[in-house]
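No lab work stands behind these numbers, since they all come straight from the coordinates. Predicted model, so just to flag it, every value in this text is computed and none were measured. Backbone-built Cβ (ideal geometry, glycine too); neighbour counts: all protein chains shown.
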Amino acid sequence: MKKLILAAITLTTAASVFAQGTLVFNNRVAGVGITHIYGGGGSRTGFGPTDLPVGSTDWTGYLLIGTTGGLAGSTTFAQLLGASGAGAPESSLLPSSSPPTTFRTGAAAGFVAGTTATFNNIQPDAAAGSFELAIWDNSTGLYPTWAQASSAVAAGTIIGGRSPEFTLSNIGGTTFTPPNIVNSAGTALQSFSVVVPEPTSVALAGLGAAALLIFRRRK
C-alpha cells in the first residue's frame with residue numbers, strides 16, 4: 001500500500017513539473033475580439049475602427065504585417081511572453097515554451113497564424129497571468145527565437161517590438177478553458193505597431209547579415 005501511495009505522489013509531482021498553462025494565441029476571434037499588428041511608422045497602440053472593440057485610433061499610413069510592401073508574413077515572427085500573476089514586472093516575462101508563429105497575408109494581413117501558446121512558468125488553471133506579444137523580422141534567418149532577436153531589436157538592427165503588457169484571468173488547464181489574448185472588453189491585447197529602425201541601422205544590419213552568410217559559405 002505504501003508503495004502505491006509513493007508511486008501516486010511521484011506521478012503527481014512529475015505531472016506538476018511538466019504541466020503548462022495555455023492560451024489561445026490568435027488576435028482575430030470573430031465575436032470575441034479583433035486587433036491588428038502593424039509595421040512601420042512610430043510606436044502606436046490603440047483600437048482602430050476595424051477592431052473589436054471599435055476604437056478611434058488612426059492607423060492611416062501604417063502597413064499591416066503581411067501586406068505587400070510591408071513586413072512579410074512568412075518571415076515575421078510572433079511569440080507571447082508571460083509570467084504568473086497580474087501586473088508582473090516586465091523583466092519576469094519569459095517566452096512561451098511553444099515555438100513562434102508567423103503572420104497571415106492578403107485580407108488576413110495583421111493577424112497571426114493562430115495557435116495555442118503554452119508556458120512552462122505558468123501553472124495550468126492559474127488565477128491570472130501577465131503577457132506581452134513580441135514581434136520581430138526574421139527575414140535573414142538569423143533570429144529564430146526571441147532570445148536571439150531581443151538584443152537586435154533593442155539595438156535597432158532589426159524591426160521588432162513588444163506590445164504593452166496585459167493581464168488575462170483563468171489560464172487554461174484542466175478546469176479553465178484557455179483564454180483568448182483578445183476580448184471585446186478591450187482589457188487584453190490591443191492593436192499596436194513595431195518601430196522600423198533608421199535606414200543606417202538597417203543597412204548596417206544587412207551588411208552584417210551578408211558578411212555572416214559569406215563567412216558560413218567559406219567554412
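Under the criterion of Cα pairs below 8 Å and six or more residues apart, the relative contact order for region 19-218 equals 30 percent. Over the C-alpha trace of region 40-130, radius of gyration and Dmax come out as 15.4, 42 angstrom. Counting neighbouring Cβ atoms within 10 Å and putting the fewest first, the residues Ser191, Ser97 line up as Ser97, Ser191.
The dipole here belongs to region 19-218: it is taken about the Cα centre, uses +1 on the Cβ of Lys and Arg and -1 on the Cβ of Asp and Glu, and is about 580 debye. The Kirkwood radius of region 19-218, taken over pairs of alpha-carbon atoms, gives through the Stokes-Einstein law at 37 °C and 0.692 mPa s a diffusion coefficient of 191 µm² s⁻¹.
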